[in-house]
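**Q** The structure's right below; bear with me while I get my questions together.
What follows draws every value from the coordinates through simple rules; no lab data is involved. Here the structure is a predicted model, which means the values were calculated and not measured. A quick note on method: Cβ atoms are made from the backbone with ideal geometry, for glycine too, and the neighbour counts reach across all protein chains shown.
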Amino acid sequence: AGLTDTLAGGQFTLLAPTDEAFAKVDPAAAAALTADPAALATVLQGHLIGIAQESSNIGIFSNLITVAGTSIPVTNDGTTITVGGAAITEADVPADNGFIQVIDTVILPAA
């Protein structure tokens with residue numbers, strides 16, 4: 001998806017949807033993304049935050065800016081942190097260049 005250069009330097013937080021999250025995506029929308037590499041890259045960049053953040057830090061923000069330049073809302077009810085409408089289901093998975101926050105929904109741009 002053309003993100004090799006982006007990921008080559010810096011620290012990041014990846015919002016990684018589960019297999020179940022991908023299964024919830026409308027098949028027509030998934031096919032459209034597969035057919036449009038630029039749109040797919042934008043969606044993937046919308047799951048990447050340009051700074052390494054543990055979930056406890058994410059939970060203090062009201063929104064985050066993605067590598068795609070989009071703002072996604074953050075809510076924290078004291079039990080669950082949601083980003084862009086997706087709940088973090090597994091927090092703070094360490095990665096060489098930051099953290100992975102596993103989420104239960106694929107974050108797609110508004111239609």
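**Q** Out of the residues in segment 2-51 that are of a type in the set (Ser, Thr, Tyr) and not in a helix (DSSP H, G or I), which is surrounded by the fewest Cβ atoms within 10 Å (Cβ to Cβ)?
**A** The residue in question is THR18.
**Q** For residues that are exposed (fewer than 14 other Cβ atoms within 10 Å of the Cβ) and farther than 20 Å from LEU7 by Cα, tally how many sit in segment 58-74.
**A** Summing the residues that are exposed (fewer than 14 other Cβ atoms within 10 Å of the Cβ) and farther than 20 Å from LEU7 by Cα in segment 58-74 gives 4.
**Q** Filter segment 65-87 down to the residues that are over 18 Å from ALA41 (Cα atoms) and under 10 Å from the mean Cα position of the chain (by Cα) and list them by number.
**A** VAL83, ALA86
**Q** Which ones in segment 70-111 are of a type in the set (Gly, Ala, Ser), in a loop (DSSP other than H, G, I, E, B) and without any contact (Cβ under 8 Å) to a residue 24 or more places away in the chain?
**A** GLY78, GLY85, ALA110, ALA111
**Q** Consider GLU54 against the criteria (1) surrounded by 15 or more Cβ atoms within 10 Å (Cβ to Cβ); (2) in contact (Cβ under 8 Å) with a residue 24 or more places away in the chain: it satisfies all of them except one. Which criterion is unmet?
**A** Here GLU54 meets the rest and fails (1).
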